[in-house]
């Protein structure tokens, strides 16, 4: 137990004015992330809270995003940031109160992010003061609610390991192979028509072996797809990894 505490102290530095923590462990390869930059706004006692959320995959990207929002809303009373880079037990977490009373802004935002099940996300909540003080509890609720509001409308994607594969097939098997790709949650990226058809496909790494087995069965052992690229960090809209060929 003492060893784990010492490791945490070493990996979780606290800097003046902000909090940044790093945890290192085995990270799941698949987890939900934001699919696109998203913005929403709420009002609390005449104060405007504008929340912007983006996918971000490095600390540098997160800090660039924060700087961009601060420049966009340079006349705001506060621009309060928080981010998670990574997921689960392998994550860098950061928050900053940006002039709000300590613990009333950045930490509530970060707490909502940590409870969201998302990874690789950065958020800035921009506040325009409306003339009425909210108090400590009111600020915590306002920044929490502003973060929840953007998460409610945030489109989700997933970071997944994939194989891109190439397959040469005869014309008489085209429709059945297309159905097979769809059945194994793959995507057809390209089809070239010549003497035979050359199909470029993409599958998650856990689905590809099943597709190969089904392809061999369909073709009585005559066909097999060749992996031409493996990407550990393919970003796909959540739940839509399927054939998108037209």
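When the residues of region 232-246 are filtered to those that are surrounded by 14 or more Cβ atoms within 10 Å (Cβ to Cβ) and at pLDDT 80 or above, the one that is nearest to residue 155 (Cα to Cα) is 235.
Here's the yes/no breakdown for (1) over 24 Å from residue 32 (Cβ atoms); (2) at pLDDT below 95; (3) in the same structural domain as residue 54 (by TED's automatic domain parsing):
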position	(1), (2), (3)
141	yes, no, yes
144	no, no, yes
150	no, no, yes
164	no, no, no
171	yes, no, no
180	yes, no, no
186	no, yes, no
190	yes, no, no
193	yes, no, no
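Just one of the listed residues (109, 42, 69) is closer than 23 Å to residue 130 by Cα, out of contact with any helix residue (DSSP H, G or I) (no Cβ under 6 Å at 6 or more places or on another chain) and at pLDDT 90 or above, namely 69.
All conditions but one from (1) surrounded by 14 or more Cβ atoms within 10 Å (Cβ to Cβ); (2) more than 26 Å from the chain's Cα centre (by Cα); (3) farther than 30 Å from residue 45 by Cβ apply to residue 156; the one that does not is (2).
Just one of the listed residues (164, 147) is touching a helix residue (DSSP H, G or I) at 6+ places or on another chain (Cβ under 6 Å) and in contact (Cβ under 8 Å) with a residue 40 or more places away in the chain, and it is 147. Of the residues examined, residue 29 is one that is within 28 Å of residue 232 (Cα to Cα), within 25 Å of the chain's Cα centre (by Cα) and at pLDDT 50 or above. Let me spell it out: the conditions are (1) farther than 30 Å from residue 107 by Cβ; (2) surrounded by fewer than 16 Cβ atoms within 10 Å (Cβ to Cβ), and residue 162 meets all of them except one. Which number is the exception? Result: residue 162 fails condition (2) only.
The values are calculated or read from the model by the stated rules, or taken from the named source; none is laboratory data. If you're wondering where the values come from, they're calculated on a predicted model, not measured in any experiment. Positions of Cβ are backbone-derived with ideal geometry, glycine not excepted, and every protein chain shown enters the neighbour counts.
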